[in-house]
Amino acid sequence: MKYVSVGRQSSDGVTGCRNQLYRGPFWLRANVVLRRKPGDQFLAIDGSSGLQHLVQIDEVGDSTASGTIVESSAAVAPTRLKLTLYQGIPRGKRFPLILQKCTELGVSRIVPVLTERTVVRVDEDAGHKQQRWSRIVQEAARQCMLGKPPEVGEPLDFAAALADWQASGTPGLFFDEALSSGVRTGLAHALTAHRSAPGIAAFVGPEGGFTQDEAETAAAAGLTALGLGERILRSETAAIAVCAVIMYEAGQLG
């Protein structure tokens with residue numbers, strides 16, 4: 001059974017209802033990629049309702065397609081653990097990759113963070129960047145059949161990101177090698193200590209990591225400093241690895 005993401009619909013997803021599915025992600029994938037034809041059935045995700053529909057195609061035109069919902073059910077539910085990733089914005093295609101892969105892993109919220117070593121200028125066409133980031137997580141959520149994509153917050157400077165985390169009341173982990181002294185708590189141990197927490201936050205730096213001042217400020221704010229082993233990981237690798245390990249330890253993977 002093929003999965004296709006649904007764009008806009010003219011109905012509320014009632015079984016047996018004929019839907020007009022407009023040109024967009026659905027039409028492009030159904031008509032161009034999967035070469036669907038009238039009579040074919042597929043599972044479609046409706047991100048607005050959190051439902052998945054078994055749809056039978058009635059017509060596929062030049063710019064629209066219509067189909068009938070055969071049955072509806074709940075899509076993949078969000079993970080039990082509410083993981084928030086505070087990500088120092090890296091350059092180029094790295095941040096879109098982080099958005100995509102961390103969505104697939106079940107992260108609930110992603111907050112772009114402007115750190116001292118961030119070189120990306122988000123103030124230039126900020127609205128366009130925010131829309132693009134939201135579109136990336138929506139597409140990733142549909143791809144892995146998540147009923148609801150993660151929230152992508154507005155970019156925050158480091159101090160504002162710390163304040164945002166503190167306001168959430170969740171345990172916070174700070175992943176970086178910037179702290180030059182002191183014994184770091186192991187990730188497994190840190191997660192065991194917070195196993196009953198409904199949410200957790202993880203801070204990951206951009207290229208070059210956080211500065212010494214940021215690391216000390218994070219520790220003073222109450223974040224638990226953690227290392228990622230002897231290897232030096234790229235920012236995007238660190239973010240994906242951190243989220244994967246946290247989700248695994250929380251029983252949300254495997």
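The values are calculated or read from the model by the stated rules, or taken from the named source; none is laboratory data. Quick caveat: nothing in here was measured; it's all calculated off a predicted structure. Backbone-built Cβ (ideal geometry, glycine too); neighbour counts: all protein chains shown.
Taking the listed residues Glu139, Glu104, the one that is in contact (Cβ under 8 Å) with a residue 24 or more places away in the chain and in contact with a Ser or Thr (Cβ under 8 Å, 6 or more places away or on another chain) is Glu139, with no other qualifying. Condition check for Leu187 on (1) at pLDDT below 85; (2) farther than 18 Å from Leu85 by Cα: one failure, at (2).
Looking across the stretch 79-89, the residues that are at pLDDT below 95, part of a loop (DSSP other than H, G, I, E, B) and crowded, with 17+ Cβ neighbours inside 10 Å come down to Thr79, Leu81.
Scanning the stretch 195-254 for residues that are basic (Lys, Arg) and closer than 21 Å to Leu114 by Cα gives a single hit, Arg234. Only one of Ala220, Ala238 is more than 30 Å from His53 (Cβ to Cβ), out of contact with any helix residue (DSSP H, G or I) (no Cβ under 7 Å at 6 or more places or on another chain) and free of Cβ contacts under 8 Å to residues at least 12 places away in the same chain. Can you tell me which? It is Ala220. Among the numbered conditions (1) at pLDDT 95 or above; (2) not hydrophobic (A, V, I, L, M, F, W, C); (3) not in a strand (DSSP E or B), tell me where Ser63 comes up short. Unmet for Ser63, out of (1) at pLDDT 95 or above; (2) not hydrophobic (A, V, I, L, M, F, W, C); (3) not in a strand (DSSP E or B): (1).
Please work out which residue is farthest from Ala190 (Cα to Cα), limiting yourself to the stretch 201-254 and to residues that are modelled with pLDDT of 90 or more and of a type in the set (Asp, Glu). Among them, the one singled out is Glu207.
The criterion of at least 1 residues that are within 19 Å of the chain's Cα centre (by Cα) is met by the following helices (runs of 4 or more DSSP H) wholly inside the stretch 97-209: 126-143, 158-168.
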